[in-house]
Structure formats: C-alpha cells, structure tokens
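The values are calculated or read from the model by the stated rules, or taken from the named source; none is laboratory data. Small disclaimer: the values here were computed from a predicted structure and weren't measured. Cβ placement follows ideal geometry from the backbone for every residue including glycine, while neighbour counts extend to all protein chains displayed. Just the protein is used for accessible areas: all its heavy atoms, side chains included, with ligands, DNA and RNA removed. Shrake-Rupley method; radii C 1.70, N 1.55, O 1.52, S 1.80 Å.
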Amino acid sequence: MTVKILYLYPDFMSLYGDNGNVRILERRLKDQGFDVEIIKRTITDSTITFDDADFVYMGSGFESNRNLVAKHLAQFKDGLVKAIDDGVPMLFTGNAYDVLGSSIVTPDRNEVRCLGIFDFDVIDQLEKRYTGDVVLADPDKNDIYVGFVNRAGVLKGDGALAFEVTKVIGSVPLTKDGVRKNNLLGISLIGPLLLKNPKIAESFVKNICERKGTEYKEISYPHSEKSHDKTKKALLNAEV
C-alpha cells in the first residue's frame, strides 16, 4: 500500500533543514510497511490537487518566498480547505503556517492577503529577528513540544492560536503559538521538528494508518525520544 506525501514548495520553503521532517515521516511510514511516494509541487505548477494526498507538508522559508507562496497557494484554497475538513494530516512548520492566517503586513506596510483559514495576522519588521529556544504546552493533548524559533515578525490574534508558550530562551515575543484544525498542525518550531518531538510524528503516522485502514505497529525510536527528553529537561531547567 502506498502513502502519498504532498510536499509543497520544497525549493522555496525549506530554509532550516525542514526537509528532514519529510525524511523522518517517510522512514516511520516505511517501518509500518507502506511504500511512500513524495509528490513535490511549487510555484511553477499551474495545478495543485489535494484529492489523493495522504499527508501534506510545508516548511519555513525566507519571508519574501513565504509571501510569494501565499499568493500562489491562494489559487488552490478550496482544495486545501476541503482536505483539511476531510481530516487529511498536514504539517506546516516555521513561518509556513503564516499563510493559513488572514494577512501578512510587510515591513514597508504592504499587506499580503493570505488564505484566511485561521483568524490571525503576521506583522513583519526589519530591525531584528526574533530567535530562541521555545517550550510549548499543548492543552488538548497534555503534551510539551520543544524546538527553535526564528521569526521576522509577531503574530496578532491570540484567540486563533492553539498552544501556550511556557518558556523562551531568547528574544521570541510569543505568549501563544500554532494552529490546529482536525489533523492539521501549524507550528513556529523550525528544523527537524519530528525528530525533537516524536509524539507529533507518532500522531501523524497513527492518523495515516487509521485513514488507510491498517493497524498501527508500536515501534520505538530511542534516539528521537532521548533527544526530546534531553532538550525538554535542558530548557525547563535553564535560567532566563
């Protein structure tokens, strides 16, 4: 049985080694016995369809690239919204999930209209980047997520955001972060998120198995689990 991963804008939106998330998910799916097909779509494609996607991924990129992607992806909003409503598992990391909000205001005060799936805005600036290690609390799943954030702007519209920022080691001005709807997750953490947060990876694989009608096999990934535990302990014990 084949699982199809729809990888959006890999040439524009993979700034911090975010493609590692696709490789990690591919490995876990193959461990479950699936064949994996990775379908790449980018700005030069005149059509992006979500009909047969089993998983959708988009990573982070330069703000200029993100803005171009927001405009291009808007052409295919109806298909994306239908896939979200149908429960297709999706992951948007770093500033990729900015495009799911209402708008992006650029440093020169131009407004980029986004998909409007969630009610938040992004305000970019040029003076400095907001960077740091972050601990996020997921109240729905009673879990902790850890990772690094590198942003040019701030998010406005806390009511649309899903996770509490419980600790920051750095200059990240966030009190809440991330969005969730059905099996879609958007989160500001960059790099190989699924390595540092194996429970997120496990949740996606379980969702895919359920949707494909196969039984999920419990498999341990000790290196990933140790990485999460070590990072979480270090961040929680660090002095701010």
Worksheet, complete the sentence: Residue hits (the stretch 52-73; open to solvent by less than 50 Å² (accessible area, probe 1.4 Å) and hydrophobic (A, V, I, L, M, F, W, C)) are 53, 55, 56, 58, 69, 70, 73
Practice prompt. Check the stretch 64-86 and report whether any residue there is touching a Pro at 6+ places or on another chain (Cβ under 8 Å) and not aliphatic (A, V, I, L, M).
Written response: no
Worksheet item: Failed condition for residue 9, given (1) among the hydroxyl-bearing types (Ser, Thr, Tyr); (2) touching a Gly at 6+ places or on another chain (Cβ under 8 Å); (3) open to solvent by 20 Å² or more (accessible area, probe 1.4 Å), with all others met?
Response: (3)
Worksheet entry | Single condition residue 44 does not satisfy, out of (1) touching a residue at least 40 places away in the same chain (Cβ under 8 Å); (2) surrounded by fewer than 13 Cβ atoms within 10 Å (Cβ to Cβ) | (1)
Worksheet item: Based on what the data block shows, is residue 16 at positive phi and either touching a residue at least 12 places away in the same chain (Cβ under 8 Å) or of a type in the set (Val, Ile, Thr) (or both)?
Response: no
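This table checks each residue for (1) open to solvent by 50 Å² or more (accessible area, probe 1.4 Å); (2) of a type in the set (Gly, Ala, Ser); (3) closer than 19 Å to residue 140 by Cα; (4) without any contact (Cβ under 8 Å) to a residue 60 or more places away in the chain.
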position	(1), (2), (3), (4)
163	no, no, yes, yes
166	yes, no, yes, yes
183	no, no, yes, no
186	no, yes, yes, no
Worksheet item: Residue check: is residue 118 hydrophobic (A, V, I, L, M, F, W, C), over 17 Å from the mean Cα position of the chain (by Cα) and not in a strand (DSSP E or B)?
Response: no
Practice prompt. Working only within the stretch 97-109, note down all residues that are closer than 10 Å to residue 186 by Cα and out of contact with any helix residue (DSSP H, G or I) (no Cβ under 7 Å at 6 or more places or on another chain).
Written response: 97, 100
